[in-house]
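Following: one structure in structure tokens, then a few remarks.
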Amino acid sequence: MGLERLLRYCARPPFSLEHLQQRDAGHLVYHSPKPRPEAPGELVLTRRLN
């Protein structure tokens, strides 16, 4: 039972798609479901072009 729970935790995606929003072609915004006073409520992710 404990091993199954650990594997489910490790296999989950790092970001919930429900909280992601595409701002434009190069930016995604992640809205935190539980914002904290010391952390921003949203995180802007930038796509790096090579």
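Nothing in this text is a laboratory measurement; each read-out follows from the coordinates by a stated rule. This is a predicted model, so every value here is computed, not measured. FYI the Cβ positions are ideal-geometry reconstructions off the backbone, even for glycines, and counts take in every protein chain you see.
When region 24-44 is limited to residues that are among the charged types (D, E, K, R) and part of a strand (DSSP E or B), the one that is surrounded by the fewest Cβ atoms within 10 Å (Cβ to Cβ) turns out to be ASP24. Checking every residue in region 1-15 against the condition of being surrounded by 10 or more Cβ atoms within 10 Å (Cβ to Cβ) and part of a strand (DSSP E or B) gives zero matches. The set of residues in region 17-50 that are of a type in the set (A, V, I, L, M) and within 15 Å of the chain's Cα centre (by Cα) comprises LEU17, LEU20, LEU28, VAL29, ALA39, LEU43, VAL44, LEU45.
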